[in-house]
Amino acid sequence: MAETFPFPTYIVLTIITITRLISTVGKTEVTGPSLVPSNISHRLRDDPEAIKLASSDYGNLVRHSPLAVFHPSSIYDIISLIRSSYTSSVPFHIAARGHGHSTRGQAMAPNGVVLDMSALRRNRLGGGISPVFCDPSLGSYAVDVGGEQLWIDVLQATLQHGLAPASWTDYLYLTVGGTLSNAGISGQTFRYGPQISNVHEMDVITGKGDLLTCSPEKNSELFHGVLGGLGQVGIIARARIGLQPALKRVKWVRVIYNDFSAFTRDQERLISISGDINNHKALDYLEGMLLMHQGPINNWRSSFFPSSDHPKIISLLVQHRILYCLEVVKYYDEHSEHTVDKEMQELLRGLGYVPGFYYEKNVSFVEFLNRVRSGELKLQSQGLWDVPHPWLNMFIPKSRIHDFDSGVFKDIILKRNITKGPVLVYPMNRNKWNDKMSAIIPDEEVFYTVGFLHSSGFDDWKAFDAQNRDILRFCEESGIKVKQYLAHYTTQQEWESHFGVKWGSFQERKYEFDPRMILSPGQRIFNNID
């Protein structure tokens, strides 16, 4: 693929009158026309239905209306749109929206243009997912995937060849570009790294409208800047994802703890002995979660515990108020089905969970990876999916996770008694992350992800938001160097603190690849948005 796309000269046509356009350079209010090439003007929509859809997201907490929504049929439409902004005397903001699963307006473009990547997924010739191929440079199989594609579609396409990516998110109805712009984490991360660690090459459309192929060796600053870069330096048009053999079945186990020290000790032990991707007897997935007396035994993400055991779990909860659930998975097929039980028991031997609270399932590989989908459909049928989601996701250094447990789980959470939704807590290995990339994680070799995945009513979400602020305040006052994942800040000073030593390089990449500050204004990193 050519490194840059030769952009022809088009006749420009005035298509909307901007009544309030914020200049990204001078940050002054300007009134004037927006000019885009005539060959793509018909792909802009400013009708109420389109504007309404692009003005909210999964979080349902904030609303920002764009002036228009762009429905591309190809990546060249996107190039044309970005170049029209870049060459304008007053550039307009552009935000790529995949599945709209952000929670704080990160994919919105107030008074700008929202780029609807789902339209590209529907319209793109060739389907956006290449045939699986063997990449000689990798010595393994790979697949080229459009940034607009959903991970569930990537899974289904690669499984036809008995292959699949190694690293996933818990929810598969997210776009490739969306998760790679953050990191893409789940229970596989401790072993296979985040999704950004499994990308080998990309085509990226920069904020200048250039289409560049990048990799660790070619245009490496762009490559590393885009991965975990929150959409600030480019839009992912294509990502090359490494693949591995996909086993057909899953041994899925949950055990329950009443002691946080035993819970974390066992998690850390398991990720240390299973962190080698070449260890075929290792675990493939590990996550942990809280069970609390104010929540259901099973949650919308999965119904795992048999109803017959609910009374004894509730009895243990009444006694301890918080329990900790360890969830582990091992993949297997017809060649290993006779040994998987023994291997799992060897891995779990000596763990400190409560005797008698061991649960297991055997399910298909696809059923496990797509486990959240059934919960989503159930909530949608009850009208409980499109509600506010005041989520808080954080990375906590291993050295402070016990302080976090005592100050947050056993204090703030129990006192407020409002938690409504899964609370995840599980460790990762830092050596599975590439520090050259933009994603931010703690400095310690082992750190925990903690996710408060709240669902609320439209009238009470502020109580959850207040709890989130209390948690962050506790961390700050206690000196816990927390790093937010899917971060939300309102000032550049906060973002500078978030990026820490990476702020300088992150800023340089922004200035090099999006010098007019066009892309992803909803992140509020370089754009002051009211």
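Computed quantities for the displayed model
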| item | result |
| --- | --- |
| Farthest positive-ward along the range 161-307 dipole, Cα basis, beta-carbon charges - from 176, 231, 296 | 296 |
| Distance violations [Cα-Cα > 19 Å] among 436/483; 251/420; 432/483 | 251/420 |
| For residue 426, residues with placed amide H under 5 Å, excluding near neighbours | 288, 449 |
| Lys, Arg +1 and Asp, Glu -1 on Cβ, resulting dipole of the range 125-281 about Cα centre, debye, nearest 20 | 560 debye |
| Normalised per residue, the volume of the convex hull around the Cα set of the range 338-403 (Å³) | 201 Å³ |
| Size of charge dipole - the range 391-530 - debye, nearest 20, with Cβ of Lys, Arg +1 and Asp, Glu -1, no other charges | 240 debye |
| Carbon and sulfur %, accessible surface of the range 63-113 computed with the full protein complex present, 1.4 Å | 49 percent |
| Under 24 Å from residue 248, Cα to Cα: lysines that are on another chain or at least 8 residues apart | 281, 330, 342, 361 |
| Solvent-free Debye scattering, log10 I(q)/I(0), computed from the Cα coordinates of the range 121-195 at q = 0.17, 0.18 Å⁻¹ | -0.66, -0.75 |
| Placed amide H near residue 284: partners under 5 Å, 5+ positions off or other chain | 329, 330, 331 |
| Amide hydrogen neighbours beyond the local backbone of residue 257, cut-off 5 Å, H modeled | 324, 325, 326, 354 |
| The chain, dipole about Cα centre (Lys/Arg Cβ +1, Asp/Glu Cβ -1), debye to the nearest 20 | 520 debye |
| Cα-Cα P(r), the range 160-245, percent of pairs per 10 Å interval | 18, 51, 26, 5 |
| Descending semi-axes in Å of the range 245-398, equivalent ellipsoid built from Cα gyration tensor | 26, 21, 16 |
| Sulfur and carbon atoms: percent of accessible area, the range 453-511 [1.4 Å] | 50 percent |
| Sum of side-chain charges, residue 148 neighbourhood, beta-carbon under 11 Å (Lys, Arg +1; Asp, Glu -1) | +3 |
| Vicinal HN-Hα couplings computed from phi for the range 354-365 (Karplus, 6.51 cos²θ - 1.76 cosθ + 1.60; Hz; Gly/Pro x) | 6, x, x, 10, 10, 9, 9, 9, 10, 9, 6, 4 |
| Accessible surface of the range 263-335 [probe 1.4 Å, protein heavy atoms]: carbon and sulfur percent | 52 percent |
| Angle in degrees between helix 260-273 and the longest Cα principal axis of the chain, rounded to the nearest 10 | 70 degrees |
| Mean Cβ neighbour count within 10 Å, used as a protection proxy, ranking 109-118, 391-400, 339-348 highest first | 109-118, 391-400, 339-348 |
| Ellipsoid equivalent to the range 55-105 - semi-axes via the Cα gyration tensor, in Å | 24, 14, 8 |
| Burial ranking of peptide ranges 407-415, 218-226 (average Cβ count within 10 Å, highest at the top) | 218-226, 407-415 |
| Average accessible area per residue (Å²) across the range 287-371 - probe 1.4 Å, nucleic acids and ligands excluded | 46 Å² |
| Average Cα contact separation per residue, the range 67-173, under 8 Å, 6 or more apart, as relative contact order % | 23 percent |
| In degrees, nearest ten, helix 310-320 long axis to first principal axis of the chain (Cα) | 90 degrees |
| Kirkwood estimate for the range 359-456, i.e. one over the average of 1/r between Cα atoms, Å | 16.2 Å |
| Accessible surface, the range 447-530, averaged per residue in Å² (probe 1.4 Å) | 45 Å² |
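The values are calculated or read from the model by the stated rules, or taken from the named source; none is laboratory data. Just so it is clear, the structure is predicted and the values come from calculations on it, not from any experiment. No Cβ is skipped: glycine too gets one built from the backbone with ideal geometry, and neighbour counts run over all protein chains shown. What goes into the accessible areas is simple: the full protein's heavy atoms, side chains included, and nothing from ligands, DNA or RNA. Shrake-Rupley method; radii C 1.70, N 1.55, O 1.52, S 1.80 Å.
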